[in-house]
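The values are calculated or read from the model by the stated rules, or taken from the named source; none is laboratory data. Since the model is a prediction, treat every value here as computed from it, not as a measurement. Note: ideal-geometry Cβ built from the backbone for every residue, glycine included; neighbour counts use all protein chains shown. Accessible surface areas use protein heavy atoms only, side chains included; no ligands, DNA or RNA. Shrake-Rupley method; radii C 1.70, N 1.55, O 1.52, S 1.80 Å.
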Amino acid sequence: MAGRMVVGSAALAELVRPASAPDPAGGHRVLPVRPELTGLLPNRGLRRGSTIAVGVGQPRRSGGTSLILALLAEASRAGSWCAVVGVPTFGAGAAAEAGIALDRLALVPDPGPEWPTVVAALIDGVDVVVAAVPATVSASVANRLAARARQRGSVLVPYGRWDGADVTLQVVRGVWEGLGPGRGRLRRREVTVSARGRGAAARPKEIKVWLPGDELTQVIPRAAAARVAARTTSPRLRVVAPPAPAARSRTAVGPA
């Protein structure tokens with residue numbers, strides 16, 4: 001089943017009512033994330049009422065969408081509803097591959113000028129709300145939405161610049177793996193994710209993970225990270241020793 005595409009206020013109201021039903025996950029105050037990401041969050045998960053921003057980096061190495069998929073996967077798998085607002089490139093296929101339950105996923109690709117109203121309505125009835133931040137959003141609107149999330153027990157995940165977030169996650173470096181000299185296909189990317197915030201998250205942190213990583217986000221061991229770095233910094237040259245004199249027979253006919 002594809003993620004629910006929400007168009008119009010009536011469709012939004014119909015979505016929020018069932019999403020407001022009792023939480024299958026038991027209403028836990030902290031929604032789970034994959035173990036590899038727990039070290040970046042002060043509560044080792046998505047605490048209800050918090051604002052966890054995902055920063056947008058340079059397009060060539062952003063990785064923000066992959067990070068959002070990784071953040072949503074475990075909460076969705078545990079029974080939580082999720083919504084993504086204002087990200088038209090967010091694909092249901094990629095969400096399903098990441099483990100997100102599509103029958104509990106709402107997509108609002110283009111909320112238009114009613115962005116604050118749409119986000120506020122979803123906060124009232126959805127467990128985790130990802131919202132691409134428009135350039136025109138004011139500090140007062142941002143503060144009201146964060147306060148609404150605290151009151152309703154939803155997790156607000158602004159995608160973009162958001163001052164005052166409890167934690168801001170961002171992919172700061174990324175290296176693709178899978179291409180050889182003139183062949184291959186991109187399979188996964190080694191990324192460095194940073195976390196900074198306030199209170200318990202005031203001390204900056206960084207981890208290296210694969211995104212995506214064999215259907216799961218995986219922390220990269222130090223040895224593996226060193227091998228990837230060596231492959232990306234050293235020239236693609238291979239030294240070949242000449243054959244020993246005895247390796248070729250003088251009476252051989254045809255190619256050796």
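Pairs meeting the criteria (first residue in segment 176-199 and within 28 Å of I52 (Cα to Cα) and in contact (Cβ under 8 Å) with a residue 60 or more places away in the chain, second residue surrounded by 13 or more Cβ atoms within 10 Å (Cβ to Cβ) and of a type in the set (S, T, Y), beta carbons under 7 Å, at least 6 apart or on different chains) are G197/T168. The number of residues in segment 73-127 being at positive phi, touching a residue at least 24 places away in the same chain (Cβ under 8 Å) and open to solvent by 10 Å² or more (accessible area, probe 1.4 Å) comes to 2. The residue list R152, R144, R187 contains one member that is modelled with pLDDT under 85, surrounded by fewer than 21 Cβ atoms within 10 Å (Cβ to Cβ) and not small (G, A, S), which is R187. If you check V30, V54, V7 for being within 19 Å of P109 (Cβ to Cβ) and at pLDDT 90 or above, only one passes: V54. Restricting attention to segment 55-114, the residues that are of a type outside the set (G, A, S) and under 21 Å from G45 (Cβ atoms) total 14. Residue check: L156 meets all listed conditions (1) part of a strand (DSSP E or B); (2) closer than 24 Å to L37 by Cα; (3) over 16 Å from the mean Cα position of the chain (by Cα) but one, namely (3).
Of R196, R188, R203, all but one fail to be of a type in the set (K, R) and not in a strand (DSSP E or B); the exception is R203.
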